[in-house]
Amino acid sequence: MNHLPEDMEHALSGSQSSHASLRDVHSINPTQLMARIESYEGREKKGISDVRRTFCLFVTFDLLFVTLLWIIELNVNGGIENTLEKEVVQYDYYSSYFDIFLLAVFRFKVLILAYAVCRLRHWWAIALTTAVTSAFLLAKVILSKLFSQGAFGYVLPIISFILAWIETWFLDFKVLPQEAEEENRLLIVQDASERAALIPGGLSDGQFYSPPESEAGSEEEATEEKRDSEKALLEL
């Protein structure tokens, strides 16, 4: 049985694979690519992603919630004016809640400045605020006399500690990975659009015509038929 030369087989398979790859590139819809690029660019123009905006809202909620609890504590312990003067003007580390409120203000200012104004894409700012909050609250609980002042001696430190660690978790596991994934998608879409733009628009299947493969057994069958006809003539 005669076979096609190996070089011809490789040439035919190469032409078929190149034809398929070019056809796959042409199957990409340029309109869809441009729409995706515009959508990603629109998000960049907004200046802040949706998940980062949610994080900033949660940081604001942290400040407002701690402030609300502190104001309630001021009212419960003898009125706002008297207690405010006692906790702020006559500040005492061992009995005042004013420093826990200042700690919430510190977290708010650092995180909003870092992740909303400067649009930082690193975890060092949240690590700083969480470390300072955790260390201060642990020292406050160990050294102060908050537990002897009622329920707020438990509530304010615990709430501040939990909110700080929730902010850390949200930024590290939601904000930064999702923004990195969005950036990778934008790069992939842009790369695909650039590759599609390099392919000329008027290509057709006829421009990549490859000759049909000849049947491997055609020559052998012709020889056998000739032998059969000669044998039949001899028998006659």
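One table, with the values for the structure above:
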{"quantity": "Filtered residues of the range 90-116 (kept if more than 19 Å from Val59 (Cα to Cα) and charged (D, E, K, R))", "calculated": "Asp92"}
{"quantity": "Leading residue by the ranking (least open to solvent (accessible area, probe 1.4 Å)) among those in the range 84-125 that are among the aromatic types (Phe, Trp, Tyr) and in a helix (DSSP H, G or I)", "calculated": "Tyr115"}
{"quantity": "So Ser148, is it outside any helix (DSSP H, G or I) and either modelled with pLDDT of 90 or more or over 30 Å from Val51 (Cβ atoms) (or both)", "calculated": "no"}
{"quantity": "Matching residues in the range 62-83 - criterion: being surrounded by 12 or more Cβ atoms within 10 Å (Cβ to Cβ) and under 16 Å from Gln149 (Cα atoms)", "calculated": "Leu69, Trp70, Ile71, Ile72, Glu73, Leu74, Val76, Asn77, Thr83"}
{"quantity": "Those residues of the range 136-187 which are over 33 Å from the mean Cα position of the chain (by Cα), open to solvent by less than 30 Å² (accessible area, probe 1.4 Å) and aliphatic (A, V, I, L, M), in sequence order", "calculated": "Leu146, Leu156"}
{"quantity": "Residue list for the range 188-204, restricted to those being exposed (fewer than 10 other Cβ atoms within 10 Å of the Cβ) and either at pLDDT 55 or above or in a helix (DSSP H, G or I) (or both)", "calculated": "Leu198, Pro200"}
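The values are calculated or read from the model by the stated rules, or taken from the named source; none is laboratory data. Keep in mind that this is a model prediction, so the values were computed, not measured. Counting neighbours? That spans all protein chains shown, and the Cβs are built from the backbone with ideal geometry, glycine included. Each accessible area value is taken on the protein alone, full model and side chains, heavy atoms only, with ligands, DNA and RNA left out. Shrake-Rupley method; radii C 1.70, N 1.55, O 1.52, S 1.80 Å.
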